[in-house]
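**Q** Can you keep this structure in mind? I'll have questions shortly.
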Amino acid sequence: MATVKDVARLAGVSPITASRALNNPALVHPDTISKVKAAAKQLGYQPSRVAQGLRTGQTWIVMLSVKQKDTYDPLLFEFATGVSEACRENGYSLLIYPTDGIAELESFIGKVDGVILTDIKDHDARAERLSAELTIGAFGQTQYDVPQIDVDNMLGGQLGTRHLLMLGYRDIAFITSSSDLLFLQHREQGYVHCMKEAGLKPTIVYNSFDMHGGYAAMTSLERTPEAVFCASDSMAVGVLRYLHERNLRIPVVGYDGGYLTEITDPPLTSVKQPFFTVGKRLAEAMFECMSSGNIVRELVEPELVVKDSTWPRIE
């Protein structure tokens, strides 16, 4: 790769003059600037981001903060791939760091230009603390004035519920987890809205947000409902296991639309979240905030993907 010395040699100036022409042109005669820029273009010279960072304090690094338990989640990988593509297109490097603590995140102030937070809460102490020092991107919705992109989870809750209603089911249980995470609350609200709109009584069961929670939620029901809608695909896997062990067959809808929908038996109908799109758009929104100060807030629509775990009700 061409260096500033190569550019200076071709332009017939000293390396110091070439550097000033490229980085601090106010100190250099316009004719010299033209010669240096022409030489740089001819050689394909690209200035060092490290050197630029030393001058400006910019690190050209974005950190994606995730929970330790999510490190190997394929859905997180899809989201991170979207973030990574936007970083590459904008000249940034991506650091994925598993942590839940504010103290650890604070240690990165001055070492990264921005932090993307997942599992966002409305009153999120991480966003409140870090936004004063860094550009924050939030995967979710929060009251703080930071770029935030989320999936429309209330719409997702409605999509799964309406699908089962349109198939003719009325006794539909919703299995979820009690949490202060807004995305779970919104999925539940979407379900409740549709059930009440249809003149039906909601049945909500809370348990842990995983396969074991889905299984345990089914065991806690006094009777088996006509159909089940789960707040995640992993919870739906637990429901399917429960039904398989008891030789029961009722429709099940999940939420996420990831790899689990392909390996369940039967393949799982699910509300699909466009993780790659959300990750890329969130990183782009963060870079927009860095350059212009504009705060982007967007909701991305989910999509119902129908597979073999749901079918019309037979009278």
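The values are calculated or read from the model by the stated rules, or taken from the named source; none is laboratory data. As the structure is a computational prediction, the values presented were derived from the model and not from experiment. Note that each Cβ is placed from the backbone with ideal geometry, even for glycine, and that neighbours are counted across all protein chains shown.
**Q** Here is a check on your reading of the model: is Leu248 assigned by TED's automatic domain parsing to the domain that holds Arg170 and modelled with pLDDT under 95?
**A** no
**Q** Can you tell me which residues in the stretch 95-108 are over 14 Å from the mean Cα position of the chain (by Cα) and closer than 27 Å to Asn153 by Cα?
**A** Tyr97, Pro98, Thr99, Asp100, Gly101, Ile102
**Q** Tell me yes or no: at least one residue of the stretch 96-108 is crowded, with 20+ Cβ neighbours inside 10 Å, touching a residue at least 60 places away in the same chain (Cβ under 8 Å), not in a strand (DSSP E or B) and not acidic (Asp, Glu).
**A** no
**Q** A further question follows. Applying the selection to the stretch 190-203, what residues are surrounded by 15 or more Cβ atoms within 10 Å (Cβ to Cβ) and either touching a residue at least 60 places away in the same chain (Cβ under 8 Å) or assigned to a helix (DSSP H, G or I) (or both)?
**A** Correct list: Gly190, Tyr191, Val192, His193, Cys194, Met195.
**Q** Then there's this: What are the residues in the stretch 168-182 that are among the hydrophobic types (A, V, I, L, M, F, W, C) and surrounded by fewer than 22 Cβ atoms within 10 Å (Cβ to Cβ), if any?
**A** Result: Leu181, Leu182.
**Q** Which count do you get for residues in the stretch 1-16 that are of a type outside the set (Asp, Glu) and assigned to a helix (DSSP H, G or I)?
**A** The total comes to 9.
Residues are listed down the side, and each one gets a yes or a no for (1) at pLDDT below 90; (2) not in a loop (DSSP other than H, G, I, E, B):
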{"site": "Ala18", "(1), (2)": "yes, yes"}
{"site": "Lys35", "(1), (2)": "no, yes"}
{"site": "Pro47", "(1), (2)": "yes, no"}
{"site": "Leu54", "(1), (2)": "yes, yes"}
{"site": "Gln58", "(1), (2)": "yes, no"}
{"site": "Leu64", "(1), (2)": "no, yes"}
{"site": "Leu94", "(1), (2)": "no, yes"}
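**Q** Let me ask another. All but one of (1) at pLDDT 85 or above; (2) assigned by TED's automatic domain parsing to the domain that holds Gly279; (3) of a type outside the set (Gly, Ala, Ser) hold for Tyr72, so report the exception by its number.
**A** Among (1) at pLDDT 85 or above; (2) assigned by TED's automatic domain parsing to the domain that holds Gly279; (3) of a type outside the set (Gly, Ala, Ser), the lone unmet condition for Tyr72 is (1).
**Q** In addition: Would you tally the residues in the stretch 114-135 being within 13 Å of the chain's Cα centre (by Cα) and buried (at least 23 other Cβ atoms within 10 Å of the Cβ)?
**A** Count: 3.
**Q** Report, by residue number, each residue of the stretch 255-297 that is in contact with a Pro (Cβ under 8 Å, 6 or more places away or on another chain) and acidic (Asp, Glu).
**A** Result: Glu288, single match.
**Q** Looking at (1) among the charged types (D, E, K, R); (2) surrounded by fewer than 17 Cβ atoms within 10 Å (Cβ to Cβ); (3) under 19 Å from the mean Cα position of the chain (by Cα), find the lone condition where Lys111 falls short.
**A** (3)
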